[in-house]
1. Test of understanding: given the chain, find the longest segment containing no GluC sites (Glu not before Pro) that are in a DSSP loop and have at most 13 other Cβ atoms within 10 Å.
2. Mind sorting LEU158, LEU174, LEU214 by how few other Cβ atoms lie within 10 Å of their own Cβ, fewest first?
3. How much length is gained on full extension from ASP165 to ASP104, taking 0.36 nm per residue of separation minus their Cα-Cα distance?
4. Between the alpha-carbon centers of region 137-208 and region 37-54, tell me the distance in whole angstrom.
5. Calculate the radius of gyration of the Cα atoms of the chain to one decimal place, then report Dmax, the largest Cα-Cα distance, as a whole number, both in Å.
6. With springs only between Cα atoms under 10 Å apart, run a GNM on the chain and tell me which of ILE172, ILE26, ILE115 wobbles the most.
7. Over region 65-140, what portion of Cα pair distances is larger than 14 Å, expressed as a whole percent?
8. May I ask you to sort VAL58, VAL29 by Cβ crowding, counting other Cβ atoms within 10 Å and putting the fewest first?
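What follows is calculated from the coordinates using simple rules that are stated; it is not laboratory data. Everything numeric here is computed off the predicted structure, so don't read it as measured data. Note that we place each Cβ from the backbone using ideal geometry, even for glycine, and neighbour counts take in every protein chain shown.
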Amino acid sequence: ENFFGSKPDFKGKKVLITLGPTQEAIDPVRYISNHSSGKMGLAIANAFRTCGAEVFLVSGPVSLPIDTGLFHLVKVKSAAEMYQASKKLHGEMDVCVFAAAVADYSPAVVAQEKIKKADSEMSILLKKNVDIAFELGKAKRKGQIHVGFALETENEELNAKGKLDKKNFDLIVLNSANEKGAGFQHDTNRVKIFHSDGRSADSGLVSKNDVAVLILEEIKKVPVWI
Ligand code: CTP
Ligand code: CA
């Protein structure tokens, strides 16, 4: 029996979920971001909560209502802030789900004043952001389970499996950007799940809540013992 016991529940387990986009400031009124809604992350949070887990959310800016009576919530904006908040919680977590769409780059310099337009082209130099899942993957200890996400438009399985290895995930959830009705801003999704031991599962096109339940089922299959 694995460390969740024979019953399909997560009672007493602590779960960290990063979710939503990040916002990377350009100047006091502008930022770089993406279309992540946080819906998938919140669906996973609800599923864990229903299964008895204590859920810690580190959320980028989302418009979804998050019930702070049900979840511990840390609100962040940038990737750097998301990393700091996640790092603080990581040590005491049993499961970490990296569902956030973290910006890979941010402006190298944040202008202190609103940038004025000029009669010329302009460019913004970007620097690489911290890879939260990679950094915390290096700190993963025995008994912890890390779950990653991947959104790919080409070589989907190969790229997803590459991230599984690189970031020390126990399983990775592949979102297909080519799938109709799936992914960003939709209520439905289709995912494939790959375990580090080679097993896999396919959700078919279903609601994000059903995807969340499938992800929990697969997490239960991860052979982690205490
Ligand atoms: N991730 C993260 N921190 C980052 C970038 C990604 O924690 N700075 C996490 C995501 O939350 C996700 C996984 O890493 O669980 C894969 O994210 P993805 O953007 O698909 O992979 P990248 O490594 O950023 O590669 P690329 O965007 O070039 O495909
Ligand atoms: Ca990325």
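1. On the way: sites that count: GLU1, GLU92, GLU113, GLU121, GLU154.
Counting only loop sites that pass the neighbour cut-off, the longest clear stretch is 2-91.
2. On the way: LEU158 9, LEU174 23, LEU214 20.
Starting with the residue having the fewest Cβ neighbours, the order is LEU158, LEU214, LEU174.
3. Details: separation 61, 0.36 × 61 = 21.96 nm, distance 1.88 nm.
Once the chain is fully extended between ASP165 and ASP104, it gains 20.1 nm.
4. 16
5. In order Rg, Dmax, the Cα atoms of the chain give 18.0, 68 Å.
6. Its mean-square fluctuation being the largest, the pick is ILE115.
7. Working: 2020 of 2850 pairs.
In whole percent, the share of Cα-Cα pairs in region 65-140 beyond 14 Å is 71.
8. Working: VAL58 28, VAL29 10.
By the 10 Å Cβ count, ascending: VAL29, VAL58.
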